[in-house]
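The values are calculated or read from the model by the stated rules, or taken from the named source; none is laboratory data. The model shown is predicted, which means the values in this text are computed figures rather than measured ones. Quick reminder, even Gly has a Cβ in these numbers, built from the backbone with ideal geometry, and neighbours come from all protein chains shown. Quick note on the areas: whole protein, heavy atoms, side chains included, nothing else; ligands and nucleic acids left out. Shrake-Rupley method; radii C 1.70, N 1.55, O 1.52, S 1.80 Å.
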Amino acid sequence: MKNLQQLDEQEERGILSAPLQRRSFLQYAGAGVAGVALVAAGCSKDRGELTTPPMTGVTLDFKDDFGVLNYAYALEQLEAAFYIKVASNPPSNFTSSERAYFQDIQYHEIAHREFFKAALGAAAIGSLEVNFSTINFSDRTSVLATAKAFEDLGVAAYNGAGVRLKSEVYLGLAGKIVSVEARHAAYIRDLINPGDFATAPQVDSATGLDMQLTPDKVLAIAGAYIKTKVNVINL
Amino acid sequence: MNILNILDEIEKVDGEIYERLNPRRAAMKGFVNMGKKISLAAMPLALGSVFNKAYGQSTPSAITDVLNFALALEYLEFHFYNHALLASPALIFPNVAAKNAITLIRDHEAAHVALLKGALGGSARAEITYSMTDFTAGGTFPLVYDDYVTFLKVALGFEDTGVRAYKGQAGVLKGNAVLTTALQIHSVEARHAAHIRTMLNAAGATGLKPWITLGPGGIGNDTGVSAVNAVYAGEEVTSQANVTITGIATGVTAAAAAECFDEPLAKTQVIAIANLFLKAGFQL
């Protein structure tokens, strides 16, 4: 890594004073988020044993399509775990239609999770342990707000990751899933505030474009709900 | 200004975007400053001209074709909604919320037209005007601008077709920064489709879900409108990449398996649908 020396200097100056360069962001972004460690590409190899981070937890290696698919698998695991909990014991003021649709969404996310697991086979990361301690599952507002956050994040994640995929087949599959996530997002947003299905800032009103986020940003947000350490390399 | 964010976002996947846009980074600052000066309405075009410089000359014709195809669909969608809002006195929206939703969707389609037109620059296809369209589809939907439910059903056909059309072209854009923009439009069309399904549900089409489920007899069309079967052809599939989704976990029925993956349409399939709404002489 050519900027190794530069990186070392930045580390000495500390996080707050270092210029927010891409590589330094990758190194530090995980620091404030429990469970998610973002490791700059190649550093561990170049810098030897002394600074090699312990690779506990799961590792998303973005060097190829499997990394991107595992990233999607991680997000689907998170969503599935959330909806399984909601669908099995929904807030008492959920209507019968809402209960039915949350059952549907639960099975969609389980199917996505199991699909990635099956498609990745031996390349699949392990099961993630989730942390939903901040969610009040008996409170409609808390459940809907979390569902909205997960769905909008999922849409932005797939939108942002699509360009990384080298295989047309995998890109096609990601496309088949993201529009279903967008349907979920629209439905949930309409439950919270009717007519809010595609409003700003999620959908920019000047361009009519949905949000897209790079994996580092998505994982920094999702990481708050994941107990398992998620290592990111070659991003 | 979110339009400027697009460039930031592209930079994340194409670290050399600023160099492509202009060899001198300083010039980019000029664009940012320009953005502050010119009106919001002019921004998509200004942005488009920048895209054009960045990718225009090296853009393979296949990508231009996809963008022009998307532009044609966006013109159709825009006129469909715009006419409903501005020139259809017989079309009665049941409440302000319904009209606001259609207005938001119309505005998104207008923004997509402007964005694609700007991105294509001189390569943009000829404009499609309202007078070239026929949203009764040759008389199949005679009450499209008189009956609210009929209007919504045709709207849903457009949105679900739009989702499937963009999905079908993703492969052509693979690895190109334009793909990200196309995906960002694609998911907005899916949000529109979900909302129109919710509006239809409220207007009496009970059982219509925000997502596409299996229709009667296991067909892909769950709308109950047989005239739009072509819009949903293939949506009924329940296996993906040789993985059987039905029963992949407890509770994943065939309906859930069909719902949880939206399917693409090939360009020829989309053109056949779009041509139903274009007068002779103006078809794609």
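The table for this structure:
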read-out	value
Tally, over the range B:242-284, of residues that are within 14 Å of chain A (Cβ to nearest Cβ) and of a type in the set (Gly, Ala, Ser)	9
Selection count, the range A:107-125, where residues are open to solvent by 40 Å² or more (accessible area, probe 1.4 Å) and either among the β-branched types (Val, Ile, Thr) or closer than 19 Å to A:ALA222 by Cβ (or both)	2
Among (1) within 13 Å of another protein chain (Cβ to nearest Cβ); (2) buried (at least 18 other Cβ atoms within 10 Å of the Cβ); (3) among the small types (Gly, Ala, Ser), the one test that A:GLY67 misses	(1)
Hits in the range A:195-207 - residues which are over 20 Å from B:GLY118 (Cβ atoms), open to solvent by less than 20 Å² (accessible area, probe 1.4 Å) and not small (Gly, Ala, Ser)	A:PHE197, A:GLN202
Counted residues, the range A:166-183 - those being within 16 Å of the chain's Cα centre (by Cα), in contact (Cβ under 8 Å) with a residue 40 or more places away in the chain and more than 7 Å from chain B (Cβ to nearest Cβ)	1
Given (1) modelled with pLDDT of 95 or more; (2) assigned to a loop (DSSP other than H, G, I, E, B), number of the condition B:SER58 does not satisfy	(1)
Residue match in the range B:232-241 (condition: assigned to a helix (DSSP H, G or I), in contact (Cβ under 8 Å) with a residue 60 or more places away in the chain, crowded, with 16+ Cβ neighbours inside 10 Å and within 14 Å of chain A (Cβ to nearest Cβ))	yes
Where a residue in the range A:213-234 is open to solvent by 10 Å² or more (accessible area, probe 1.4 Å) and its partner, wherever it lies, is among the basic types (Lys, Arg), with Cβ under 7 Å and at least six apart	A:ASN234/A:LYS63
Residues that are open to solvent by 10 Å² or more (accessible area, probe 1.4 Å) and in contact with a Pro (Cβ under 8 Å, 6 or more places away or on another chain), drawn from the range A:165-179	A:GLY172, A:LYS176
Some residue of the range B:171-184 being open to solvent by 10 Å² or more (accessible area, probe 1.4 Å), among the basic types (Lys, Arg) and over 23 Å from A:ALA206 (Cβ atoms)	yes
Subset tally (residues that are in contact (Cβ under 8 Å) with a residue 24 or more places away in the chain and either open to solvent by 70 Å² or more (accessible area, probe 1.4 Å) or within 12 Å of chain A (Cβ to nearest Cβ) (or both)) for the range B:80-92	1
Only one of A:ALA182, A:ALA156, A:ALA147 that is crowded, with 21+ Cβ neighbours inside 10 Å and closer than 15 Å to A:PHE82 by Cβ	A:ALA147
Condition check for A:ASP210: open to solvent by less than 20 Å² (accessible area, probe 1.4 Å), facing another protein chain (nearest Cβ under 7 Å) and within 18 Å of the chain's Cα centre (by Cα)	yes
Scan of the range B:200-214 for residues that are surrounded by fewer than 24 Cβ atoms within 10 Å (Cβ to Cβ) and modelled with pLDDT of 95 or more, ordered by number	B:LEU200, B:ASN201, B:ALA202, B:ALA203, B:LEU208, B:LYS209, B:THR213, B:LEU214
Residue that is nearest to the other protein chains (Cβ to nearest Cβ) [pool: residues in the range B:145-169 that are open to solvent by 10 Å² or more (accessible area, probe 1.4 Å) and more than 17 Å from B:GLY220 (Cα to Cα)]	B:TYR166
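Quick grid of which residues meet (1) part of a loop (DSSP other than H, G, I, E, B); (2) assigned by TED's automatic domain parsing to the domain that holds B:LEU179; (3) closer than 25 Å to B:THR268 by Cα; (4) in contact (Cβ under 8 Å) with a residue 40 or more places away in the chain:
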| position | (1), (2), (3), (4) |
| --- | --- |
| B:GLU77 | no, yes, yes, yes |
| B:PRO94 | yes, yes, no, yes |
| B:ALA101 | no, yes, no, yes |
| B:GLY138 | yes, yes, yes, yes |
